[in-house]
Each structure stands twice: as structure tokens, then as C-alpha cells.
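Let me begin by presenting the structure, written as C-alpha cells, before commenting on it.
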Amino acid sequence: MKLILIGIQGSGKSTQGNLLTEKLQVPYLSTGHIFRTLAQEKTPLGRYIKETMNAGFLIPDEKTLEIVREYLSRPEYKNGYILDGFPRTIKQAEEFKNGVDKVVYLKVSDKEALWRLSFRNSDREDDTLTAIKKRIELFHKFTEPVIDYYRQNNMLVEVNGENSIEDIFKEILEKLSLQ
Ligand code: AMP
């Protein structure tokens, strides 16, 4: 099964992504994680990605699409995956098809997400309050249209991300007809 997880930072995507990975036995892939690894490289691209991420901005679509396509062409992703953090813009969604089955949207208010993040110990260099607020702002601007796009294509599964971890997971499985 090929699944996409969408939600603002703090919505629980990686928690649910890891539970889904175990349940479905397909790998989990996060573009944020890929970019954080690339940002450590002492190359012009590495430095560019690091600066962009630390400001909370998005990596340009073409670069993002190229990297995601390269990863997903690897054999381990052939039978399915859980993709977290991509697509984040309409252009990414339109240009990326790849036989995706469903898109799970973890719906959480900005207030709840900021509340959760304030308790989270993060070792991410791009987790300054300014960058977090920028990412939330860009989510509303660029990623909400992506949610509408998948809704119109009947691919969207919307769950209440403010429930407990167990209840959210249960709701996802039910809505994906996996239990
Ligand atoms: P995340 O861990 O998903 O919050 O992503 C961290 C950062 O990686 C973002 O703030 C962006 O700079 C970059 N990033 C991750 N996914 C994407 C994407 N699909 N398009 C553009 N930039 C991305």
C-alpha cells in the first residue's frame, strides 16, 4: 500500500507513520528527514538546504521532486511506503502520481500543535519558534490546497489528530478499511 501522511508539524505524522509501517510492513520515508541528512553535507547544495530549512522555508519543487523520485525508485519502496512531508505544494502533488492509494490527513489546530511542540524535546536545528511558525504559515498557504486536491480526487482520509495516539490509529485503520 502506498500512503501519504499530511498534517502540520506536531500533528503526529511520524508517530502514526511508524505504527502504520509496522502494521503494513512497508517502509516509512520522511522528506524532512532526507533534507536534514542532506543539510549536513558540506557542499553548496547542503549549505543551501540547511539555510532554507532553518528559516522554515520550503525547498524548491523541482529539487524536492527529483530527490523524492530518486528515493522511491529504490527497490525497497516498490511494494509500498508511508510518505511523510510530501507533497507540500500543488505542483508537487500534480507532478507526483506513483500509484498512491490514499492520503491521510491528520487534522490538528495550530494551537494544539504549538502546545504539543512546546513540550517536545527536539534535536532539530530547524526547530526554532520562528521556523515552526513559518512552517505552519506555509502549511496553510501551500499545503491546504494539496488537501483539497486529494479530496477532489477521492483519495483523502481525514482523521481527528487531537485524539489519543491509539484512537487516531484506530480511526486511520477503520477509514482505510484495514480493520
Ligand atoms: P518536516 O520535517 O516535514 O517539518 O520538514 C522540515 C523541512 O524540510 C521543511 O521546513 C522544508 O524546508 C523541508 N521540506 C520537507 N519536505 C518538503 C517538501 N515536500 N517540499 C519542500 N520542502 C520540504
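What follows is calculated from the coordinates using simple rules that are stated; it is not laboratory data. Bear in mind the structure is a predicted one, so any value in this text is a computation, not a measurement. Here the Cβ positions follow ideal geometry from the backbone for every residue, glycine too, while neighbour counts run over all protein chains shown.
Loop-located trypsin sites (Lys or Arg not before Pro) across region 116-158 with a Cβ neighbour count of 11 or fewer within 10 Å are Arg120, with loop assigned by DSSP. By the Stokes-Einstein formula, at 1.002 mPa s and 20 °C, region 1-58 with its Kirkwood radius over alpha-carbon pairs has D equal to 166 µm²/s.
Only Lys, Arg, Asp and Glu carry charge here, each on its Cβ (+1 for the first two, -1 for the last two); on that basis the chain has a dipole of about 220 debye about its Cα centre.
Loop-resident GluC sites (Glu not before Pro) (DSSP state other than H, G, I, E or B) in region 101-179 with no more than 14 further Cβ atoms inside 10 Å of their Cβ: Glu125.
Taking every pair of distinct Cα atoms and averaging 1/r, then inverting, what Kirkwood hydrodynamic radius in Å comes out for region 1-101? Let's see the in-between values first.
Details: mean 1/r = 0.0705 Å⁻¹.
Evaluated over region 1-101, this radius sits at 14.2 Å.
Once you reduce region 2-34 and region 77-107 to the center of their Cα atoms, the two points are 11 Å from each other.
Which value in Å does the Kirkwood hydrodynamic radius of the chain take, with 1/r averaged over all unlike C-alpha pairs and then inverted? Working shown, then result.
On the way: mean 1/r = 0.0600 Å⁻¹.
Mean inverse Cα-Cα distance, inverted, gives 16.7 Å.
Taking the chain as a Gaussian network of alpha-carbon nodes connected by springs under 10 Å, the highest mean-square fluctuation of the residues Asn18, Asn121, Asn153 belongs to Asn121.
Under a 5 Å amide H cut-off, with hydrogens placed 1.01 Å from N, Ile6 pairs with Val104, Tyr105, Leu106 among residues at least 5 apart or on other chains. Summarising the amide proton neighbourhood of Ser30: residues at separation of 5 or more, or on other chains, whose placed amide H is nearer than 5 Å comprise Asp84.
Taking θ as phi - 60° and the Karplus parameters 6.51, -1.76 and 1.60, the scalar couplings of region 28-40 work out to 9, 9, 10, 5, x, 5, 4, 5, 5, 5, 5, 5, 7 Hz in sequence order, x denoting glycine and proline.
Hand me the trypsin sites (Lys or Arg not before Pro) from region 22-78 located in a DSSP loop with no more than 11 other Cβ atoms within 10 Å, in residue order please. Kindly include the intermediate steps, with their values, before the conclusion.
On the way: sites: Lys23, Arg36, Lys42, Arg47, Lys50, Lys63, Arg69, Lys78; in loops: Lys42, Lys78.
When the trypsin sites (Lys or Arg not before Pro) of region 22-78 are filtered for loop state and at most 11 Cβ neighbours within 10 Å, Lys42, Lys78 remain.
P(r) for region 119-177, from all Cα pairs and a bin width of 5 Å, is 4, 15, 14, 17, 21, 19, 9, 2 %, short bins first.
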